[in-house]
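See below for the structure under consideration.
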Amino acid sequence: MKRRLWEIGKDILIALLICSLLLLAAASLPSESVRNSPWLSSLLQPFAALLGLSQSELAYVETALPVLDAAQPLAISVQNSAGRTTAMWDFSALDAAFESLGGLLGQALDTADGFSQVSQARLLTAMTGPSVYFYYGVSLPANLLASWLDASMDGEVPAASVCVLALEEDTVTLYLAGEACYAAATGVQADTLSGLLEQFRPDGSQFAFESGSKLDALSLIPGVSPTVSAVSTANPCDTRYMEQLATDLGFNPYGDGSYTDAAGNTYFAESNCSLQITPEGTLLLNSSAAGRFEAAGDSLDSLVEEARRLVDLAASGVLGDARIYLTGLEQNGETTVCTFDYILSGIPVSIRGGHAACVTCRGNAVRQMEMQVTSYTRTTETLNLLPANTAAAILPAGSQLALQYSDTGSGSLTAGWVQP
């Protein structure tokens, strides 16, 4: 009997030691990890005093997922006391300009007070003075643009493809231009905007309304015709890519639902969810499964973020020199359709048959994604283009001067001036 009690005592002691070791191991984790995990927080909070910590230091904090840019401006044009300079058709120039001025756009969107409709003439007059012009290439809700810049906008706000910050006396005014023009005063400091604008040096670029051109007033004409790189294309959808993508999307790439048919199409199928990838690199994801591919919330920015996340999963590591931007957004009742296109050096890529990707959401979940997966690589060669001034002269009146790559499936891209 005594020996049995001794063995039971040893078992209890061993169990206590194991629990102590597990507790100490959990306590050794960074406090941020504990606060981000509800079960770790609930486990360790009762022992906070023993660990020499307050319970608040171990309290669970739900972390909101960041909303990442689904698109950035395709052109940024600055007017200062010396003249105009424009960043476009060049990722390096666009990134540098947006890094310098994008924060002020976010502040303006965050502090804009009461939009009123104004004439285009007022917008053009404002742009002749100290100002910065952001062109996104597609009309998007201003509150969505704000969410990408860690800002927020309350109430009804207009959609816009163009945002302009203009210095008007001692006030910085935000203009939004899409189907119509709107203006609102902002909390941006005039001295701050003026100081940043004066850092830029003129490059000879002009808007059509400044040059007397017959083109659309907001069509940008560069000071020097761009140098456009030749680009080769490749299909990155090999076995390794497909297995990794299936895993990232939550499929078992080695299960019974995975197979390749006689035509070379690869399938990954599970209950209420399937992924198909063709030999040409076209993928189709369908899902009716509850709780799968759901957005973090019901807001538009949450839906766009989930669509962006899935497109990014499919394109991650295989884009080459391209980026992929949101270029279209439609809502009809509970259905939201997000379209995406490849962008090379700030120049859109037109793909045969439509967009690079189309994501359909119903409610707060993605139900379908169609995507053409292609890798783009710039070469050392350049493509011959008409000079920008010549193209501006021959385009129909009211057109925009737009540059575009075209992917016809030949293994390389062509480029030229188009009418958007």
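The values are calculated or read from the model by the stated rules, or taken from the named source; none is laboratory data. Nothing here was measured: the structure is a model prediction, and the numbers come from that model. Because the Cβ atoms are built from the backbone with ideal geometry, glycine has one as well, and the counts that use them run over all protein chains shown. Note: areas computed on protein heavy atoms with side chains; ligands, DNA, RNA excluded. Shrake-Rupley method; radii C 1.70, N 1.55, O 1.52, S 1.80 Å.
Once both axes come from the Cα atoms, what is the angle between helix 300-315 and the longest principal axis of the chain, in degrees from 0 to 90, rounded to 10?
80 degrees
Using Cα atoms only, what is the angle between the long axis of helix 239-248 and the major principal axis of the chain, expressed in degrees (0 to 90) to the nearest 10?
With rounding to tens, the tilt is 70 degrees.
Using the Kirkwood radius over Cα pairs, work out the Stokes-Einstein diffusion coefficient for the chain at 20 °C and 1.002 mPa s, in µm²/s as a whole number. Write down the numbers at each step before the final one.
Values: Rh = 24.9 Å.
Once the numbers are plugged in, D ends up at 86 µm²/s.
Could you pull the accessible area for Met153 with a 1.4 Å probe, rounded to 10 Å²?
30 Å²
For the range 289-420, with equal point scatterers placed on the C-alpha atoms only and solvent neglected, what are the log10 I(q)/I(0) values from the Debye formula at q = 0.18, 0.22 1/Å, to two decimals?
-0.99, -1.24
Can you give the relative contact order of the chain as a percent, counting alpha carbon pairs under 8 Å and 6+ residues apart?
Details: 790 pairs, mean separation 58.9, N = 420.
Normalised by residue count, the contact order of the chain is 14 percent.
Testing the spin-label approximation: label points 7 Å from Cα along Cα→Cβ at Asn389 and Ala96. State their distance in nm.
Output for this residue pair reads 2.5 nm.
Helix 91-111 sits at what angle to the longest principal axis of the chain, using alpha carbons and giving 0 to 90 degrees rounded to 10?
80 degrees
Let me have the 222 nm mean residue ellipticity of the chain computed from DSSP H runs of 4+ only, each contributing -39500 (n - 2.57), with the sum over all residues rounded to the nearest 500. Walk me through the numbers on the way to the answer.
Details: 11 runs with 119 residues, N = 420.
After summing the helix terms and dividing by residue count, I get -8500 deg cm²/dmol.
Leaving out ligands, DNA and RNA but keeping every protein chain, what accessible area does Val373 have, in Å² rounded to the nearest 10, with a 1.4 Å probe?
For Val373, the solvent-accessible surface is approximately 0 Å².
As a test of reading the structure, rank Ser225, Ser147, Ser316 by solvent-accessible area (1.4 Å probe, protein chains only), most first.
Descending accessible area places them as Ser316, Ser225, Ser147.
Restricting to Cα pairs below 8 Å that are 6+ residues apart, what does the relative contact order work out to for the range 170-311? Please round to a whole percent. Please report the intermediate quantities before stating the final value.
On the way: 135 pairs, mean separation 13.3, N = 142.
About 9 percent, as a whole number.
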